[in-house]
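This report concerns only the one structure given below.
Values quoted throughout were computed directly from the atomic coordinates according to the rules given, and no laboratory measurement underlies them. Predicted model, so just to flag it, every value in this text is computed and none were measured. Neighbour counts run over all protein chains shown; Cβ positions are idealised from the backbone, glycine included.
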């Protein structure tokens, strides 16, 4: 009798122990966004429509930003199959971070004072310059000033369009589309005269086999754009991502990713800026 009671008590204790463990897993487990690795997944925002930088294809995701983000995730303790990719359109990036929709964003994300008021940045990991993409047979645009009275396209929420409109070509007919792909279509069918954004992004488009010979870079270094990895304001991921980026530059993986993704367009990249030296 005593044996049966002891056995029943042990079984009850085991059930309570398992129940407590399961509840504890929900409250105290290492969830995505903790930055310490070991969780089920990490959610990263990238562009889905920028060849050479961040692109969704039938085979998966590719581009320089994708390679940077994958490297960083690995250093944080996440394998590639633990990454959940989310599209981070230019106009949505700060909101996505503030809401916690993603753990970090690597999406040609220029560091600016306005954005630094809303989110934090690790990096910068690339110095780009604003340029224009033109049709190969268009010789009418030889300087930024020639964009006046031209149909100029960029994406809603980017800094590129405002830079041109306010500082370089105030009479340009500015067209803001939701994606760079939409701008590119307009350039192809002559509805747009120039697509403006960072030279790294433009090089990604120009490097595609289907577009070789159709477009050209203007070669205007109109601005300096320091790309950073965006994180939620106050997140401890900032320091951890900086450490990962430093390692990526020092071990050669950064240069390898650059050559693989943008090399075909003869993009003259500059060395990665000093990590942690945030400038705007």
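Using a Förster radius of 30 Å, what is the FRET efficiency between residue 259 and residue 98 based on their Cβ-Cβ separation? Nearest 0.05, please.
Details: r = 35 Å, r/R0 = 1.17.
It comes out at approximately 0.30.
What is the spin-label model distance, in nm, from residue 236 to residue 86 if the labels are put 7 Å beyond Cα along the C-beta direction?
It works out to 2.2 nm between the two label points.
Between residue 221 and residue 112, what is 0.36 nm times their sequence separation minus the Cα-Cα distance? Round to one decimal in nm.
Details: separation 109, 0.36 × 109 = 39.24 nm, distance 1.76 nm.
So the chain would gain 37.5 nm between residue 221 and residue 112.
Can you give me the relative contact order of the range 106-238 as a percent, contacts being Cα pairs under 8 Å and 6 or more apart? List each step's numbers first, then the result.
Numbers: 247 pairs, mean separation 61.6, N = 133.
Relative contact order of the range 106-238: 46 percent.
What is the extension gain from residue 57 to residue 41, computed as 0.36 nm multiplied by their sequence separation minus the C-alpha to C-alpha distance, in nm to one decimal? Present the calculation step by step, with values, prior to reporting the outcome.
Working: separation 16, 0.36 × 16 = 5.76 nm, distance 2.11 nm.
Taking 0.36 nm per residue and subtracting the Cα distance, the gain is 3.6 nm.
Classify the range 137-231 as rounded, prolate or oblate, taking a ≥ b ≥ c as the square roots of the eigenvalues of its Cα gyration tensor: rounded when a/c is under 1.5, otherwise prolate if a/b is larger than b/c and oblate if not.
Values: a/c = 1.38, a/b = 1.04, b/c = 1.33.
Rounded.
At 7 Å along Cα-to-Cβ for each site, give me the label-to-label distance between residue 181 and residue 247 in nm.
3.4
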